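Read the structure below first, then the notes.
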Amino acid sequence: MVAQNTVVVEHKRPARSTAPAPRTPRGRRAGRTPWLYLAPALVVLGGLLAYPIYQLGLISLFHYTQAQVSGGEPTTFEGLGNYRELFADEQFWHVLLATVLFAAACVVCTLAVGCALAVLLTRVRAVPRLALMLAALGAWATPAITGSTVWLFLFDADFGPVNRVLGLGDHSWTYGRFSAFFLVLLEVVWCSFPFVMVTVYAGIRAVPSEVLEAAALDGASQWRIWRSVLAPMLRPILVVVTIQSVIWDFKVFTQIYVMTNGGGIAGQNLVLNVYAYQQAFASSQYSLGAAIGVVMLLILLAVTLVYLRLLRRQGEEL
Amino acid sequence: MTLVSRDGARRVNPVRRFVRRPGRLAAEATALLTAAVVAFPLYWMVLSAFKPAGEIESTEPRPWTLAPTLDSFRRVFGQQEFGRYFVNSVVVAVAVVIASALIAFLAATAVTRFRFRLRTTLLIMFLVAQMVPVEALTIPLFFLMRDAGQLNTLWSLILPHIAFSLPFAIWMLRGFVKAVPEALEEAAYMDGASRTRFLWQILFPLVLPGLVATSVFSFISTWNDFLFAKSFIISDISQSTLPMALLVFYKPDEPDWGGVMAASTVMTIPVLVFFVLVQRRLVSGLGGAVKD
């Protein structure tokens, strides 16, 4: 499935793959050597990535529950039956909508915070810059699971400092659907803005200073400089961080799983990833879980294809 | 900490030059305040790990403690087999880092220093592979590991993590391998070096910094993983890893916050150390991966 789609991409621009040939003098005599070097990677990826993807697709077409796993009953081919069941289930659509909205909110907040702080970094002297960089590196390095427990503790109804400072008494953040999502969003933004900040900051530093000086001499405001000069010049970098964020935030698992205790009260905080996991391993509906996995895979594949198109339009050479 | 001043020491910061002084003070105050907010959760984690039980379970939490204690850490390390979990985590992470670095180095060399059919197709497939939701593959991987008889072994964690960290590692290493001049390669062959000799004795040491930066990502994703540990290590808990040990203290209804915070601290520190050690390379590496 993956291979097919990439082939489609290939066909649109057949010239690309052959154009840059003369760059490596030894290229013509390469022979089998590159394949020798690639062999370990291809074996590992084939066995533990491509094959499981194929299996995932296969399982989603069968009736596969605990009875089949323990080997008692034969597996029966269901065709698209699992998908039909899934699409007829109202909860699936609820979860899908929640996933898209939650991921979108995370991406927007992460990018806004990351870009704003990157610009801020260019305007301060070494000490505040170092402080902010160090703090960001700390947040970046924190494992998702410890980050989740720490944020839960900060917002704990009884012993957390946040409720104390805000005077909220014993308000529970994980009880309501939106406040629970909000809490997870805070944690996700906290641990993912550093990547955006560091990358965009590196990008801004690479912009020639004459350009910025010219803009300033023409009387452009800071906001104007960002919008009309920096943002267009940083476009390639912004595309990369946006797509990366979309992909990461769409796949958020640990934070939701830990902070809302496996999807919240009555599954109110489920996202696709956790939903698939719960269907498979908690309810033993392996085939339904696999079908959800396939849906996720297809959505992310669509995002990736958009990404590839943008990269190619920018003329990036692979 | 040269993260910031790497190439900027000589050059005057372009934006800063035309910012008026009061504006800069406000900006610096904002930066410091933001740094404090961002660092606060980590501070609170370490602080709570050292607080005595009475102060943690207090409805008047204070941002300091006058009676630091190692009680929580003692509880964490006293927990059955915690040391074992730690060692397991280290073994898995180190195995994944080394294996994926070597495999990715070879693959990145192949796709940057050779021209061959399907090269672009392969590169696109590496890119696409990065997007695959790892969690969705838990189901087929579970069956794969079961059929291979590897459930409850560390292999069931090591092998999938190598596979999942490879695409990004290859993608990121490309920039580093590309940066080594062609002339050097030609000169090496001129002097009679074989391809293998060039690969390991010349290219490898030159790419090593990039390899270290790449390792951060495979290290972190492996060290942090709790889904595979939860799904594949089902009955033999002596093969479990740190995240599972942390969750022992985290019972949704009455979590032992002191234990959770101490275990979190123990789990976070190795990553922090690793990050700080390689941070400069990390930034240049990201630059290479993002735009080369």
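Residues whose amide H lies under 5 Å from that of B:ILE233, counting only those 5 or more places away or on a different chain, are B:ASN152; hydrogens are built 1.01 Å from N in the peptide plane.
The fewest-to-most ranking of A:TRP248, A:TRP190 by surrounding Cβ atoms within 10 Å reads A:TRP248, A:TRP190. For A:TYR51, A:TYR201, the sequence from fewest to most other C-beta atoms within 10 Å is A:TYR51, A:TYR201. Between the amide H of A:PHE62 and those of A:GLU78, distances stay under 5 Å, these residues lying 5 or more places away or on another chain, with hydrogens modeled in the peptide plane. Contact order, relative form, for chain B: 29 percent (alpha carbon pairs under 8 Å, 6 or more residues apart, mean separation divided by residue count). Springs join every pair of Cα atoms under 10 Å in this Gaussian network model of chain A, and among A:GLY176, A:GLY81, A:GLY47 the largest mean-square fluctuation is at A:GLY47. Mean per-residue shielding of peptide B:105-113 is 6, counting Cβ atoms of other chains within 10 Å of each Cβ.
If you run the Gaussian network model on chain B, springs between alpha carbon atoms under 10 Å, then out of B:ILE202, B:ILE162, B:ILE220 the most flexible one is B:ILE202. Couplings 3J(HN,Hα) of region B:200-208, computed from phi: 8, 9, 10, 5, 4, x, 6, 8, 3 Hz, in residue order, whole Hz [Karplus 6.51 cos²θ - 1.76 cosθ + 1.60, θ = phi - 60°; x for Gly and Pro]. Taking GluC sites (Glu not before Pro) that fall in a DSSP loop and have at most 16 other Cβ atoms within 10 Å as cut points, what is the longest piece of chain B between them? Longest gap between qualifying sites, sites excluded: B:82-292. Considering only GluC sites (Glu not before Pro) in DSSP loops that have at most 14 other Cβ atoms within 10 Å, the longest stretch of chain A without any of them is A:1-315. Our estimate of slack between B:ALA26 and B:GLU81, defined as 0.36 nm per intervening residue step minus the Cα-Cα distance, is 14.7 nm. Counting other Cβ atoms within 10 Å of each Cβ, which chymotrypsin sites (Phe, Trp or Tyr not before Pro) in region B:55-88 have at most 16 and sit in a DSSP loop? The qualifying sites are B:TRP64. Taking chain B as a Gaussian network of alpha-carbon nodes connected by springs under 10 Å, the highest mean-square fluctuation of the residues B:ARG146, B:ARG113, B:ARG24 belongs to B:ARG24.
Given a Förster distance of 22 angstrom, what is the FRET efficiency for A:VAL43 paired with B:ALA148, based on the Cβ-Cβ distance and rounded to 0.05? With R0 = 22 Å, the Cβ-Cβ based efficiency is 0.90.
3J(HN,Hα) along region A:112-125, derived from phi through the Karplus expression 6.51 cos²θ - 1.76 cosθ + 1.60 where θ = phi - 60°, amounts to 4, 5, x, 5, 4, 6, 5, 5, 4, 4, 6, 9, 10, 7 Hz, with x in place of Gly and Pro. Over chain A, one equal point on each Cα, no solvent: what is log10 I(q)/I(0) by the Debye formula at q = 0.14 Å⁻¹? Per q value, in the given order, log10 I(q)/I(0) is -1.26.
For B:THR69 and B:ASP236, the difference between the fully extended length at 0.36 nm per residue and the C-alpha to C-alpha distance is 56.8 nm.
Specify whether the C-alpha gyration tensor of region A:159-318 places it in the rounded, prolate or oblate class, a ≥ b ≥ c being the square roots of the eigenvalues: rounded for a/c under 1.5, otherwise prolate if a/b is larger than b/c and oblate if not. The shape class here is oblate.
Near B:THR241, within a Cβ-to-Cβ distance under 14 Å, what is the net charge of the other residues, with Lys and Arg +1 and Asp and Glu -1?
Residues close to B:THR241 contribute a combined charge of -1.
Placing pseudo-labels 7 Å out from each Cα toward the beta carbon at B:TRP200 and A:ILE265 gives an inter-label distance of 6.2 nm. If each DSSP helix of 4+ residues adds -39,500 (n - 2.57) and the sum is divided by the residues in chain B, what number results at 222 nm, nearest 500 deg cm²/dmol? The helix contribution divided over chain B gives -23000 deg cm²/dmol. Among the listed pairs A:LYS251/B:LYS178; B:LYS51/B:LYS230; B:LYS230/B:LYS251, those whose Cα-Cα separation exceeds 27 Å are A:LYS251/B:LYS178; B:LYS51/B:LYS230.
Taking neighbour Cβ counts within 10 Å as the exposure measure, how do A:HIS171, A:HIS63, B:HIS161 sort from fewest upward?
Lowest to highest Cβ neighbour count: A:HIS171, A:HIS63, B:HIS161.
Read-outs throughout are calculated quantities, based only on the coordinates presented, and are distinct from any laboratory measurement. Not measured: the values here are computed from a predicted model. So basically every Cβ, Gly included, is an ideal-geometry build from the backbone, and we count neighbours across all protein chains shown.
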